[in-house]
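Trainee: I have a structure I would like to understand better, so I am pasting it below and will then ask my questions one at a time.
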Ligand code: 13P
């Protein structure tokens, strides 16, 4: 299956530096995309970035959306608004939102359903904490998160699942290929149980301190169909090294 490498810029970037970054990335994309490439800028920059990445083949995504399509929700962004700006994807259930905004699995499933209604691909994030891993509960935790966060109607065309162990995010502590293989095999099994044959075609991304030096190894693991990249996605050379590690088949 064609890999997807997605950059999550998180809450970083003003128009000037984001335009420079987009230009540098587009220059690299000029030679062709070895896999599908997605950039998820802060909401304030999506419109500008849609124009900056126009004709590059790189698609744009949001970092979160509300579960409702519109309404009195001050400060929130609805999935149809992201679609209106030209987004193809939206991240839901990132561990930073689970942590900072107390987002539950049920809420994340509602957000993913809202993404689907708007015609967006939902990237549903999962991952255990350091304590949960130390206690030997990593598999149980991610399995429960997947069961609770996957909305009815999920298909390979509208859903991507990203395994991002919380302890690996922004720390430089990458999960070992063996740890990643174990969790991704479990997620694949669970997706097949939930969706039948379609479960084999849902892309599974790994995220957590993916960088130019470890991308080849991580993207070669069974059932790893791409990467969700934080810090390294802010550096065009590093991001492109990761994109280049993505497989086209
Ligand atoms: P880092 O790549 O900075 O560890 O962040 C991963 C992440 O949270 C992507 O969503």
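The values are calculated or read from the model by the stated rules, or taken from the named source; none is laboratory data. Since this is a predicted model, take the numbers as computed values, not measurements. Using ideal geometry, Cβ is built from the backbone for each residue, glycine included, and neighbour counts are taken over all protein chains shown.
Trainee: Working carefully through the options 153, 127, find the one that is more than 16 Å from the ligand (Cβ to nearest atom) and either modelled with pLDDT of 95 or more or in contact with a strand residue (DSSP E or B) (Cβ under 9 Å, 6 or more places away or on another chain) (or both).
Mentor: The conditions single out 153.
Trainee: Still on this model: Taking residue 119 as the residue in question, decide whether it is surrounded by fewer than 18 Cβ atoms within 10 Å (Cβ to Cβ) and either within 16 Å of the ligand (Cβ to nearest atom) or at positive phi (or both).
Mentor: yes
Trainee: Given the criteria away from the ligand (no atom under 12 Å from the Cβ), farther than 25 Å from residue 107 by Cβ and surrounded by fewer than 21 Cβ atoms within 10 Å (Cβ to Cβ), does residue 196 qualify?
Mentor: yes
Trainee: Looking at (1) within 16 Å of the ligand (Cβ to nearest atom); (2) surrounded by 15 or more Cβ atoms within 10 Å (Cβ to Cβ); (3) free of Cβ contacts under 8 Å to residues at least 12 places away in the same chain, find the lone condition where residue 132 falls short.
Mentor: (1)
Trainee: Look at residue 195 and say whether it is touching a strand residue (DSSP E or B) at 6+ places or on another chain (Cβ under 7 Å) and either closer than 20 Å to residue 233 by Cα or assigned to a helix (DSSP H, G or I) (or both).
Mentor: Spelling it out, it is not the case that residue 195 is touching a strand residue (DSSP E or B) at 6+ places or on another chain (Cβ under 7 Å) and either closer than 20 Å to residue 233 by Cα or assigned to a helix (DSSP H, G or I) (or both).
Trainee: From the set of residues in the range 210-223 that are in contact (Cβ under 8 Å) with a residue 40 or more places away in the chain, in contact with a strand residue (DSSP E or B) (Cβ under 9 Å, 6 or more places away or on another chain) and over 16 Å from residue 34 (Cα atoms), which is farthest from the ligand (Cβ to nearest atom)?
Mentor: 223
Trainee: Would you be able to say whether some residue in the range 108-116 is in contact (Cβ under 8 Å) with a residue 12 or more places away in the chain and over 18 Å from the mean Cα position of the chain (by Cα)?
Mentor: No, the range 108-116 contains no residue that is in contact (Cβ under 8 Å) with a residue 12 or more places away in the chain and over 18 Å from the mean Cα position of the chain (by Cα).
Trainee: Tally up the residues in the range 1-45 that are under 12 Å from residue 234 (Cα atoms) and touching a strand residue (DSSP E or B) at 6+ places or on another chain (Cβ under 6 Å), please.
Mentor: Residues in the range 1-45 being under 12 Å from residue 234 (Cα atoms) and touching a strand residue (DSSP E or B) at 6+ places or on another chain (Cβ under 6 Å): 5 in total.
Trainee: In this structure, does residue 148 turn out to be assigned to a helix (DSSP H, G or I) and either within 16 Å of the ligand (Cβ to nearest atom) or surrounded by fewer than 21 Cβ atoms within 10 Å (Cβ to Cβ) (or both)?
Mentor: Yes, satisfied.
Trainee: Hey, another quick one. Can you say whether residue 229 is crowded, with 23+ Cβ neighbours inside 10 Å, within 14 Å of the ligand (Cβ to nearest atom) and closer than 22 Å to residue 2 by Cβ, as far as the supplied structure shows?
Mentor: yes
Trainee: What number of residues within the range 163-182 are outside any loop (DSSP other than H, G, I, E, B) and within 11 Å of residue 230 (Cβ to Cβ)? Walk me through how you get there before you give the answer.
Mentor: We begin by selecting, within the range 163-182, every residue outside any loop (DSSP other than H, G, I, E, B); these are 163, 166-168, 177-182.
So of that shortlist, the ones also within 11 Å of residue 230 (Cβ to Cβ) come out as 168.
Looking only at that region, the number is 1.
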